[in-house]
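Chemist: One structure follows; several queries about it will come next.
The values are calculated or read from the model by the stated rules, or taken from the named source; none is laboratory data. As the structure is a prediction and not an experimental result, all values here were calculated from the model. Cβ placement follows ideal geometry from the backbone for every residue including glycine, while neighbour counts extend to all protein chains displayed.
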Amino acid sequence: MADRVGFEPWLQVTRGDAPLIVSLPHTGTEIPPEIAAHLVWPWLGLKDADWWIDRLYAFAERMGATIVRTAISRTVIDVNRDPSGASLYPGQATTELCPTTTFDGEPLYRDGGPDAAEIDRRRAAYFEPYHAALRAEIDRLRAIHPTVVLYEAHSIRSRVPRLFDGELPQFNLGTNSGASCDEALTIAVEAACDASGLSRVTNGRFKGGWTTRRYGQPATGVHALQMELACRGYMDDPATPPTEAAWPTPFHADRAEPLRLVLEDVLNACLTFARSKA
């Protein structure tokens, strides 16, 4: 049975004993009032959340996975960015550790955004506790299992012209160009995705964020990968930048069920891989 661990009120850790951690870094929608007061428009601060991903992956708890989630919006601080502020995708449009624009390039702040001191404060208040919890769960499970898989669960609108051309594939697997996990794990996850008949790419526009790159160290028994889903698989996905009146759209349970079944196969592939290394 899963064990819910108390950390900060915004930091949610559900402990399982299987060799799998599911990280949910972008499902949060909480923005402290002192930060919200500086935003151009509060809705913009929530626009780029990974909507309903925690609901889509709720089944992972029944599989014995450990789930680590922050309730804080990525607008406050993005726990999947390099804490130094270095870009994960040099030369390509992206958002910062403390984003100052939306994915569509709209300014988030009336006053330009947080200064260095404020970024440091947010890093200490939110980023460091999140990663301390993630590191603790990796270490706890590594004490039980020789091999652990860290699975980063994400989603994004299918069309975001500022970030990528055309329509994003349904499944976007990132393994830091093969460095963050064993090839056998990549092949197993690809096979689970491809069996669905839905589109898939590996290490395309999204190769894995800071978490995948930081913790994915196959030589030490920790294999990390990121799955970026096009959100059309479980909700209505606008073809153009959405408005407040139309976004987010509701979670569609019936539409999501086929996708959920594929994702269950994906996580089972992760578990099978990890247990095969025992």
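Chemist: For a quick check of your reading of the model, give me the residue pairs whose first member lies in the stretch 1-15 and is on the phi < 0 side of the Ramachandran plot and among the polar types (S, T, N, Q), whose second is assigned to a strand (DSSP E or B) and at pLDDT 70 or above, with beta-carbon atoms closer than 6 Å and at least 6 apart or on different chains.
Modeler: So the pair list comes out as 12/69; 14/67.
Chemist: Oh, and also: Return yes when residue 188 is assigned to a helix (DSSP H, G or I) and small (Gly, Ala, Ser) and no when it is not.
Modeler: Numbers: assigned to a helix (DSSP H, G or I): yes; small (Gly, Ala, Ser): yes.
So residue 188 fits the description; yes.
Chemist: Residues to consider are 247, 210; find the one that is more than 19 Å from the chain's Cα centre (by Cα) and touching a residue at least 60 places away in the same chain (Cβ under 8 Å).
Modeler: Only one candidate qualifies: 247.
Chemist: A further question on this structure: Residues being surrounded by 14 or more Cβ atoms within 10 Å (Cβ to Cβ), among the small types (Gly, Ala, Ser) and not in a strand (DSSP E or B): count how many of those fall in the stretch 198-255.
Modeler: Final tally of qualifying residues: 7.
Chemist: Output the number of the condition that residue 185 fails; it satisfies all remaining conditions of (1) buried (at least 23 other Cβ atoms within 10 Å of the Cβ); (2) under 13 Å from the mean Cα position of the chain (by Cα).
Modeler: Of everything listed in (1) buried (at least 23 other Cβ atoms within 10 Å of the Cβ); (2) under 13 Å from the mean Cα position of the chain (by Cα), residue 185 misses just condition (2).
Chemist: Return yes or no: is residue 78 surrounded by 19 or more Cβ atoms within 10 Å (Cβ to Cβ), part of a loop (DSSP other than H, G, I, E, B) and modelled with pLDDT of 95 or more?
Modeler: For residue 78, the condition - surrounded by 19 or more Cβ atoms within 10 Å (Cβ to Cβ), part of a loop (DSSP other than H, G, I, E, B) and modelled with pLDDT of 95 or more - is met.
Chemist: Which residues, counting only those in the stretch 239-278, are modelled with pLDDT under 95 and among the β-branched types (Val, Ile, Thr)?
Modeler: Correct list: 240, 243.
Chemist: Of 49, 86, 18, which residue is in a loop (DSSP other than H, G, I, E, B), of a type in the set (A, V, I, L, M, F, W, C) and modelled with pLDDT under 95?
Modeler: 86
Chemist: Across the stretch 87-119, which residue is surrounded by the fewest Cβ atoms within 10 Å (Cβ to Cβ) among those that are within 20 Å of the chain's Cα centre (by Cα) and among the hydrophobic types (A, V, I, L, M, F, W, C)?
Modeler: Of everything passing the filter in the stretch 87-119, 93 is surrounded by the fewest Cβ atoms within 10 Å (Cβ to Cβ).
Chemist: So residue 62 clears everything in (1) free of Cβ contacts under 8 Å to residues at least 60 places away in the same chain; (2) in contact with a strand residue (DSSP E or B) (Cβ under 9 Å, 6 or more places away or on another chain); (3) within 24 Å of residue 19 (Cβ to Cβ) except one condition, right? Which one?
Modeler: Single failed check for residue 62: (2).
Chemist: On the basis of being touching a Gly at 6+ places or on another chain (Cβ under 9 Å) and in contact (Cβ under 8 Å) with a residue 12 or more places away in the chain, does residue 94 make the cut?
Modeler: Considered against the rule, which asks whether it is touching a Gly at 6+ places or on another chain (Cβ under 9 Å) and in contact (Cβ under 8 Å) with a residue 12 or more places away in the chain, residue 94 comes out as no.
Chemist: Continuing with this model, one more query. Which of (1) under 30 Å from residue 255 (Cβ atoms); (2) touching a strand residue (DSSP E or B) at 6+ places or on another chain (Cβ under 9 Å); (3) touching a residue at least 24 places away in the same chain (Cβ under 8 Å); (4) of a type outside the set (Phe, Trp, Tyr) does residue 194 not meet, given it meets every other one?
Modeler: (3)
Chemist: Return a yes/no flag: does the stretch 148-160 have any residue that is under 30 Å from residue 272 (Cα atoms) and either over 17 Å from the mean Cα position of the chain (by Cα) or surrounded by fewer than 17 Cβ atoms within 10 Å (Cβ to Cβ) (or both).
Modeler: Checked the stretch 148-160: at least one residue is under 30 Å from residue 272 (Cα atoms) and either over 17 Å from the mean Cα position of the chain (by Cα) or surrounded by fewer than 17 Cβ atoms within 10 Å (Cβ to Cβ) (or both).
Chemist: Right, something else. Looking only at residues in the stretch 26-45 that are surrounded by fewer than 20 Cβ atoms within 10 Å (Cβ to Cβ) and part of a loop (DSSP other than H, G, I, E, B), which one is nearest to the chain's Cα centre (by Cα)?
Modeler: 29
Chemist: Give the stretch 266-278 a look and list any residue that's surrounded by 16 or more Cβ atoms within 10 Å (Cβ to Cβ) and either of a type in the set (Asp, Glu) or not in a helix (DSSP H, G or I) (or both), or say none.
Modeler: Across the stretch 266-278, the qualifying residue is only 277.
Chemist: Right, here's the next one. Within the group 153, 117, 132, 136, which residue is touching a strand residue (DSSP E or B) at 6+ places or on another chain (Cβ under 9 Å) and farther than 30 Å from residue 232 by Cα?
Modeler: It is 136.
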